[in-house]
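J.: Here it is: the structure, laid out below.
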Amino acid sequence: MNQELTRHVAFLRGINVGGHRKIPMADLRALAEDLFPGAAAVTYIASGNLCFSADVSATALSDVLEQGIKDRFGFEVAVLVLTAAQLDQIVADCPWPDAEGNRVFAYLCFAEPKLDFARTAALIAESEELKVTGQTVWLHAPDGVGRSRLAAKLEGLLGVEATSRNWNTIKKMRDLAIKK
């Protein structure tokens, strides 16, 4: 009996940044295909965004991908795996869906965030907004993330491991995940 494969999205934390922990996207797709036969793996930009199919739970997939990356590439990478339905809910929860896609950031937390609100309040600009929905912390930085003192420090204020993506990337990954 063949179980139907579920579409998943994996977000790798901190790869291909400044020439460190390099994983070519073709190699990431190949790894997914090797680990999960029939994965139909697709990547988006070089920052570690992978969409694939598998018949395993998202938690188990994180562990398998992390070990596969360590075995094949020789370093550890934290991997957050979500089902297409979970990512679709994150998209639905975005507080600023009509804002410029490169001005809204989703900090995808590996566990429930424990945000340091005092330090956050000291760093947030008057034009910026911050919202928490489930395990996602959203930042709207209308003046640009490069000018945001909060964006530069936010991952360290979450109290849990996280990886961030801009709104454009979140929407693109959802679109890739829901395509059949």
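J.: I'd like to know which of P142, N168, L154 lies farthest towards the positive end of the charge dipole of region 128-180, counting +1 on Cβ of Lys and Arg and -1 on Cβ of Asp and Glu.
T.: Of P142, N168, L154, it is N168.
J.: If you don't mind, there's one more thing I want to ask. Compare T136, T169, T59 in a GNM of the chain, Cα atoms joined below 10 Å, and give the one with the largest fluctuation.
T.: Residue with maximal mean-square fluctuation among T136, T169, T59: T59.
J.: While we're here: Share of the chain's accessible area from carbon and sulfur, percent, 1.4 Å?
T.: Here carbon and sulfur together make up 50 percent of the probe-accessible area.
J.: Run the paramagnetic zone check for K114: 7 angstrom along Cα to Cβ, then residues of region 8-37 with backbone nitrogen under 17 Å.
T.: Those under the cut-off are none; the list is empty.
J.: Dipole size in debye (nearest 20) for the chain around its Cα centre, Lys and Arg Cβ +1, Asp and Glu Cβ -1? Working shown, then result.
T.: Working: 20 positive and 22 negative charges, 76 e Å.
The dipole magnitude comes to about 360 debye.
J.: Now, a different point. When ligands, DNA and RNA are left out and all protein chains stay put, how many square angstrom of accessible area per residue does the chain have with a 1.4 Å probe?
T.: Result: 51 Å² of accessible area for each residue.
J.: Taking Cα pairs under 8 Å and at least six residues apart, what relative contact order does region 11-155 come out at, in percent?
T.: That works out to 17 percent.
The values are calculated or read from the model by the stated rules, or taken from the named source; none is laboratory data. As the structure is a computational prediction, the values presented were derived from the model and not from experiment. Quick reminder, even Gly has a Cβ in these numbers, built from the backbone with ideal geometry, and neighbours come from all protein chains shown. The area values use the complete protein model at the heavy-atom level, side chains included, leaving out ligands, DNA and RNA. Shrake-Rupley method; radii C 1.70, N 1.55, O 1.52, S 1.80 Å.
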